Amino acid sequence: MRVALVGGGLTGLSAAYYLEQYYPNVTMDLFEAGDQLGGWVRTDTDHDIVLEKGPDSFLATKPDLVELCEKVGLGPHLIGTNPRVRGAYVFWRDRYYPIPDGIQTGVPTKAKPVLTSPLLSLTGKIALAKDFIMSKGPTTDQSLGHFLRRRFGNQIVDRLAAPMLSGIFAGDIDQMSLKATFPHLLAAEQQARSVYLGSKRRIPPAPNEFVQRYHSAFLTVDRGLEQIIHSLAAALSRTQVLLSEPVERIEPASHQKWSVISAKRQGEYDAVIMTIPAYASAQILAFLPHEAQTILQNIPYANLAVIGAAYDPADIPVKTDKTGFLVPKQADLRMTAVTWVSSKWHYPHVAPLFVLRAFYGRSTENILEYDDDTLTQLFYREIERTMHIQHPPKYLRVFRIPKGMPQYVVGHLERIAELHQYLASFPGLFVLGAFEGGVGMPDRVKQAKDMAQTFGQQMGLSTAEYETSS
């Protein structure tokens, strides 16, 4: 069976890996428009430092990516966060405030830390009591921001929840879908009436074997996450990787096959797997019904920029005893967060420099309209204000990430369900990616693995072949 895979990011490579593992008679052509694999998973190791362009870690509590890393030989190279550094700050009114203990997905689960935090005023703390006296809200989808403001007031949302949760999704909390991001908060309200009480009663899962093995809930690779991409690619034996070869269009062909036309070739395949952004899939899959096209085209994406810098440690005047700091929108800064890489991770064999990453890009702005020089000058001004750094870095890199993060706006899950109803009319076509839900790296691997496990059933492979190979 011949399969075309479109997209050489983590999702596409994971799909290729699992299809090879499960089905020995499947061969694949993997089409990647860029000149290298990995999507936004890129690592800069120049100047003997580790500087990530995109994500810098993944959750060990979601086991799929850890399992995959161990299968491709990266187990000995996985490292956890610095055990001596916990938590982060919020930069507010030109001061650092520790994030109170017990804040989970923007919601307090411990009363004393949040009630004694100087980050909130007396008015903001009194507003938290709304959660105990308000009745249940609607069960329909709503914005995460509206939900939290209704339960806890504006202040804790603006100063804590929004910078924490918007940082995960690079989105506007007042536009994000509650059901597509944190549905357990809605469940807590419905079951306990109080989100605080419902969240406290929610039994956290016991640390899995990977958290215990690596002594951390967050993991990375000792020479950067791009090593996952290289190891996955090296593990493929029946997949032809076609770099710098964008697919121009895909059309149904005769005898239940698919015609794939790229910039360099045309071929027929038994199945097609799309792992590229929604808007790109819409352009290539022009045969889809108008309604399906519209759903794919209308999924918004946020533009992002990441500035990485390495300093002489003597030039850092502030105490960097946490993983970094978040910046609320109301703080009158363009940066959204700063990670103190050298505090968060103990990468082995790196230069004795202090490395940090500053994040730019909110869903309400296009940060990429500025050129690199303008972004660099903006970074210098804001890093001086937030960290009082007077000296230039030894090394600086601007990473531009156009349309880097899909936005799960209200009603997202309903639209995705409708999309899959249309796709069901086209057997042999599989469309997946971060736009469906779950932006983390483990989510991408799980999605690819789940698709591969059902591939045989949908494509008519024998049960014996499937069971034997899996």
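Out of the range 225-240, which residues are surrounded by fewer than 19 Cβ atoms within 10 Å (Cβ to Cβ) and among the small types (Gly, Ala, Ser)?
234, 235, 237
Looking at the range 86-103, which of the residues that are part of a loop (DSSP other than H, G, I, E, B) and of a type outside the set (A, V, I, L, M, F, W, C) is surrounded by the most Cβ atoms within 10 Å (Cβ to Cβ)?
100
Just the residues that are in contact (Cβ under 8 Å) with a residue 60 or more places away in the chain and either within 15 Å of the chain's Cα centre (by Cα) or under 17 Å from residue 126 (Cβ atoms) (or both), please, taken from the range 151-162.
Once the filter is applied, which keeps residues that are in contact (Cβ under 8 Å) with a residue 60 or more places away in the chain and either within 15 Å of the chain's Cα centre (by Cα) or under 17 Å from residue 126 (Cβ atoms) (or both), the range 151-162 yields 158, 159, 160.
Suppose the filter is assigned to a strand (DSSP E or B), in contact with a strand residue (DSSP E or B) (Cβ under 6 Å, 6 or more places away or on another chain) and over 19 Å from residue 40 (Cα atoms); does residue 260 pass it?
Spelling it out, residue 260 is indeed assigned to a strand (DSSP E or B), in contact with a strand residue (DSSP E or B) (Cβ under 6 Å, 6 or more places away or on another chain) and over 19 Å from residue 40 (Cα atoms).
Which residue is nearest to residue 353 (Cα to Cα), if the candidates are limited to the range 19-56 and must be among the polar types (S, T, N, Q) and modelled with pLDDT of 95 or more?
43
Residue by residue through the range 115-151, note down the ones that are hydrophobic (A, V, I, L, M, F, W, C), farther than 15 Å from residue 328 by Cβ and not in a loop (DSSP other than H, G, I, E, B).
Once the filter is applied, which keeps residues that are hydrophobic (A, V, I, L, M, F, W, C), farther than 15 Å from residue 328 by Cβ and not in a loop (DSSP other than H, G, I, E, B), the range 115-151 yields 115, 122, 126, 127, 132, 133, 144, 147.
Tell me which residues, restricted to the range 1-18, are modelled with pLDDT of 95 or more, over 18 Å from residue 278 (Cα atoms) and not aromatic (Phe, Trp, Tyr).
Once the filter is applied, which keeps residues that are modelled with pLDDT of 95 or more, over 18 Å from residue 278 (Cα atoms) and not aromatic (Phe, Trp, Tyr), the range 1-18 yields 2, 3, 14, 16.
Given 237, 254, 259, 244, which one is modelled with pLDDT under 95 and more than 22 Å from the chain's Cα centre (by Cα)?
Of the residues listed, the single one that is modelled with pLDDT under 95 and more than 22 Å from the chain's Cα centre (by Cα) is 254.
What residue, of 293, 297, is of a type in the set (S, T, N, Q), out of contact with any strand residue (DSSP E or B) (no Cβ under 7 Å at 6 or more places or on another chain), free of Cβ contacts under 8 Å to residues at least 24 places away in the same chain and surrounded by fewer than 16 Cβ atoms within 10 Å (Cβ to Cβ)?
297 is the lone residue from the list that is of a type in the set (S, T, N, Q), out of contact with any strand residue (DSSP E or B) (no Cβ under 7 Å at 6 or more places or on another chain), free of Cβ contacts under 8 Å to residues at least 24 places away in the same chain and surrounded by fewer than 16 Cβ atoms within 10 Å (Cβ to Cβ).
Can you tell me which residue within the range 353-371, out of those that are at pLDDT below 95 and touching a Ser or Thr at 6+ places or on another chain (Cβ under 9 Å), is nearest to residue 399 (Cα to Cα)?
Result: 361.
Does at least one position in the range 164-175 carry a residue that is among the aromatic types (Phe, Trp, Tyr) and over 16 Å from residue 412 (Cα atoms)?
Looking through the range 164-175, none of the residues is among the aromatic types (Phe, Trp, Tyr) and over 16 Å from residue 412 (Cα atoms).
Being more than 26 Å from residue 177 (Cβ to Cβ), small (Gly, Ala, Ser) and surrounded by 17 or more Cβ atoms within 10 Å (Cβ to Cβ), is that true of even one residue in the range 444-457?
Checking the range 444-457: at least one residue is more than 26 Å from residue 177 (Cβ to Cβ), small (Gly, Ala, Ser) and surrounded by 17 or more Cβ atoms within 10 Å (Cβ to Cβ).
Please pick out the residue among 30, 37, 13 that is touching a helix residue (DSSP H, G or I) at 6+ places or on another chain (Cβ under 7 Å) and in a strand (DSSP E or B).
Just one listed residue meets the conditions, 30.
Residues that are under 18 Å from the mean Cα position of the chain (by Cα): find the strands (runs of 3 or more DSSP E) completely inside the range 264-315 holding 2 or more of those.
Correct list: 301-311.
Being without any contact (Cβ under 8 Å) to a residue 24 or more places away in the chain and either in contact with a helix residue (DSSP H, G or I) (Cβ under 6 Å, 6 or more places away or on another chain) or of a type in the set (Phe, Trp, Tyr) (or both) narrows it down to one residue among 144, 178, 148, 115; which is it?
115
The values are calculated or read from the model by the stated rules, or taken from the named source; none is laboratory data. Here the structure is a predicted model, which means the values were calculated and not measured. Backbone-built Cβ (ideal geometry, glycine too); neighbour counts: all protein chains shown.
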